[in-house]
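Quick notes on the structure that follows.
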Amino acid sequence: MAAREIYWHLPGFCYFRLLNQVVINLMKDYPDAFREGYRIGSVYGAFPGAIWNGGRVVFGITGKSEIESVLQIYNKRGIPVRFTWTNSLLEEKHLQDTYCNLIMRLADNGLNQVLVNTPVLEEYIRREYPRFPVISSTTKRITEWGGLLGELEKDYFLVVLDYDLNHDEAVLKAAEPYAGRVEILVNEVCYPGCVKRAEHYTQQSRLQLEFDVNTGFPCPHKTGERTFEDCKRRPSFVSNREVSELAERGFVNFKIVGRGMPQSFVEESYLYYLVKEEQQDFIRGKIDGLMQQFRSAMSVQRRR
């Protein structure tokens, strides 16, 4: 493994908050069990019910005190919370949304980040919340070098690579001068070259805006519950060996996919990428034990 630090961006800062807390704490308590030089670069996602959210719909609502609590979980450890403000159907009228602006005000500390894909929201955030690093989202579905170069030449903090370019050597070679600002999705579950992906993002954006909890997306490629082992057989999958090789070339930001996936998928992804192979059973046991302890403690609290 390269001596340079490698930054991992984890899914579900709200939905997977317990798992994320456990893994982050274990990285501190058992550093020798984790791969050398690995750091948590951010934890991404959205609070339930935020209409600016995109990519994967999240229904519900989170109160002010809980928003502050979740932000504190990560920020007190120096880890940015990254908001997936990637709803592709946003218009000017949505910019004054009370809930989303409350979230932004509470998180406006110079550490937290935003993912964007629409000019109308990006311009609003840059104007009203200039302390947030702005990241170009993979939901833009940029699949050729010219478009990617255009993003890299802008002042984005990071640009997330489309998964179909993960092994495009011509694109990776051309991107090397910008490698430190490229983020690579390592475990994407979607079908390679999926012509429905952009349509799916649009549908998820519409559901988030309309709070339509009962409408699914007729994915032509989904045949059952997706597992991490299935993911490893996808052409876009980036193995640990390839992570190491990419890091040697300067690509040091890697994103673990998991929003909308079962927690078991996310846990197995963490174990594979973050933990030394010979320590994975040990850390798996620690994760499962601590998760159970937390659940038991929360159950007792609710009964009081």
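The values are calculated or read from the model by the stated rules, or taken from the named source; none is laboratory data. Keep in mind that what you see is a predicted model, and the values were worked out from it rather than measured. FYI the Cβ positions are ideal-geometry reconstructions off the backbone, even for glycines, and counts take in every protein chain you see. Just the protein is used for accessible areas: all its heavy atoms, side chains included, with ligands, DNA and RNA removed. Shrake-Rupley method; radii C 1.70, N 1.55, O 1.52, S 1.80 Å.
What the table shows:
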| read-out | value |
| --- | --- |
| Cα gyration tensor, the range 112-217 - rounded (a/c under 1.5), prolate or oblate | oblate |
| Residue-by-residue Karplus 3J(HN,Hα) for the range 76-83, coefficients 6.51, -1.76, 1.60, Hz, glycine and proline x | 5, 9, x, 9, x, 9, 10, 8 |
| Mean separation of Cα contacts under 8 Å (6+ apart) over length of the chain, as relative contact order % | 22 |
| Accessible-area composition of the chain, carbon plus sulfur, in percent [1.4 Å probe] | 50 |
| Fraction of antiparallel bridges per DSSP, the chain only, in percent to nearest 5 | 5 |
| Residue 244 accessible area, 1.4 Å probe, all protein chains in place, Å² to nearest 10 | 30 |
| Semi-axis lengths (Å, descending) of the ellipsoid that matches the C-alpha gyration tensor of the range 11-145 | 26, 18, 14 |
| Karplus (6.51, -1.76, 1.60) ³J(HN,Hα), θ = phi - 60°, over the range 149-166, in Hz, Gly and Pro reported as x | 4, x, 5, 5, 7, 8, 8, 6, 5, 9, 10, 8, 6, 5, 4, 6, 9, 4 |
| For the range 144-205, radius of gyration divided by Kirkwood radius, i.e. Rg to Rh on alpha-carbons | 0.98 |
| Estimated Rh, the range 1-49: Kirkwood, alpha-carbon pairs, angstrom | 11.8 |
| Residue (of 193, 143, 41) at the positive-pole extreme of the chain, dipole from beta-carbon charges | 41 |
| Heavy atoms of residue 202 accessible to a 1.4 Å probe, total area in Å² rounded to 10 | 50 |
| Low-density loop cleavage sites - trypsin sites (Lys or Arg not before Pro) in the range 36-80, where at most 10 other Cβ are within 10 Å (DSSP) | 76 |
| Residues residue 227 and residue 248, FRET efficiency given R0 of 35 Å [Cβ-Cβ distance, rounded to 0.05] | 0.75 |
| Average accessible surface area per residue within the range 34-160, 1.4 Å rolling probe, Å² | 40 |
| Alpha-carbon centroids, the range 141-187 and the range 5-66: separation in whole Å | 23 |
| Translational D in µm²/s for the chain (Stokes-Einstein at 25 °C, 0.890 mPa s, Kirkwood Rh from C-alpha pairs) | 123 |
| Additional length obtainable on full extension of the chain from residue 149 to residue 206, 0.36 nm per residue less Cα span | 17.6 nm |
| Gained length - residue 68 relative to residue 32, 0.36 nm times residue gap less alpha-carbon distance | 9.8 nm |
| Residues in the range 199-213 that a label on residue 93 would reach, taking backbone N under 20 Å of a point 7 Å out along Cα→Cβ | 202-213 |
